[in-house]
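The values are calculated or read from the model by the stated rules, or taken from the named source; none is laboratory data. Quick caveat, the model's predicted, so the values are computed rather than measured. Here the Cβ positions follow ideal geometry from the backbone for every residue, glycine too, while neighbour counts run over all protein chains shown.
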Amino acid sequence: MDAHAHTAHHAEFEIPYTVHPRPDTGLYNGKLGIWLFLASEVMLFGALFSSLILIRSSAPSWPRGWEELNVPLATVNTFVLIASSVTVVLAWANLRLGNFNLGRLFIALTLLCGLIFMVIKAFEYGHKFELHHYPSTSNFFATYFVMTGLHGLHVVGGMIVFAYFLTFGAKMWKTERERFTNRIEIVGLYWHFVDLVWIFLFPTLYLL
Amino acid sequence: MTEQIAADPIVPERHEHAGVQDPGTHHSPEHIKKEIRVYLIVFGALTVLTAATVFACFGLKLPVHYAIMVALTIATMKGFLVAGFFMHLLTEKRLIYGVLILTVVFFAALLWLPVHDVIDKF
């Protein structure tokens, strides 16, 4: 295979529509992909919320969230997660403006917010374990640990992706700026969804 | 990465690919700066709403039925702000609306099953 044929072969297998929108969908493929994924995530968390309604309404007694859980810590965590949603859109906006260093700073701040959230969550879990409150203790703690645990795993997943884009993944900016910017938009959509789930988890578990 | 990379907006002009415009990445710098101001206003609103829900449910210790109404109403408002502005659903493509409408239908069915069961008990 000569050099020209090799180039043609390579171009033939290039993944299309990673930057520009497809004519039929009006979206670049990654964006449609993340929305389909988020739709499946709605059903995953929806099943847990549905179970919570069923379990709680069937229980002879159910504690108010604030009787068992630490509301001030969870309130701080809510602010931290909301702040991280802002930093990720600011990262995306700055990359669109061509401000790579500022965009990168906001990605780092988002990662830091994720870390703070998980540290507070670990502190909260640790305190529960000290009091011998485990998922097997009661239906209340079973739903609390399952729902916040699954949500925490999503936060960790997002942090791994942000850490990648902050380090090795950042190289793409030099060669494919728009594609890199789109990647931040996609991980941002995922991160906002994680924030959205917490917006409903927080009152449901801690305040009701 | 230590080198300074010069600020240079990605695409000041609008890109069109096969007649399709991508509203996400191809706005003017002025438009993007306007968006940033909106993001900060939404951040302020989310902060106030979070404080309001904690004050109503935890501070005032509302009875559970009122607390459910207040907390879920405020959570829905916050959800709208995040989905509408941060996830830019207010200006998204029709295909995504289609995917989400389908999701909402199934999600509503999922929630309706236990709620229906609860109502039957009373």
Answer from A:79, A:106, A:100, A:117 - the residue that is touching a helix residue (DSSP H, G or I) at 6+ places or on another chain (Cβ under 6 Å), modelled with pLDDT of 95 or more and within 10 Å of another protein chain (Cβ to nearest Cβ): A:100
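Go over the candidates B:47, B:76, B:25 one by one and state the one that is modelled with pLDDT of 95 or more and surrounded by 14 or more Cβ atoms within 10 Å (Cβ to Cβ).
Working: B:76 fails: surrounded by 14 or more Cβ atoms within 10 Å (Cβ to Cβ); B:25 fails: modelled with pLDDT of 95 or more.
Answer to the selection: B:47.
Among the candidates B:33, B:61, which residue alone is in a loop (DSSP other than H, G, I, E, B) and either of a type outside the set (Phe, Trp, Tyr) or within 7 Å of chain A (Cβ to nearest Cβ) (or both)? Steps first, please.
Numbers: B:33 fails: in a loop (DSSP other than H, G, I, E, B).
Being in a loop (DSSP other than H, G, I, E, B) and either of a type outside the set (Phe, Trp, Tyr) or within 7 Å of chain A (Cβ to nearest Cβ) (or both) holds for just one of B:33, B:61, which is B:61.
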Residue that is modelled with pLDDT under 95 and part of a helix (DSSP H, G or I), where the choices are A:124, A:178, A:185: A:178
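Yes or no, residue by residue, for (1) of a type in the set (Gly, Ala, Ser); (2) closer than 30 Å to residue B:33 by Cα; (3) crowded, with 19+ Cβ neighbours inside 10 Å:
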residue: A:25; (1), (2), (3): no, yes, no
residue: A:58; (1), (2), (3): yes, no, no
residue: A:81; (1), (2), (3): no, yes, yes
residue: A:84; (1), (2), (3): yes, yes, yes
residue: A:87; (1), (2), (3): no, yes, yes
Looking only at region B:87-110, and only at residues there that are in contact with a Gly (Cβ under 7 Å, 6 or more places away or on another chain) and in a helix (DSSP H, G or I), the one that is nearest to residue A:30 (Cα to Cα): B:95
Tally, over region A:89-104, of residues that are crowded, with 24+ Cβ neighbours inside 10 Å and in a loop (DSSP other than H, G, I, E, B): 0
Of the criteria (1) more than 7 Å from chain B (Cβ to nearest Cβ); (2) hydroxyl-bearing (Ser, Thr, Tyr); (3) farther than 20 Å from residue A:151 by Cβ, which one residue A:84 fails: (3)
Condition broken by residue B:83, with the remaining ones in (1) closer than 30 Å to residue A:19 by Cβ; (2) at pLDDT 95 or above; (3) surrounded by fewer than 16 Cβ atoms within 10 Å (Cβ to Cβ) satisfied: (3)
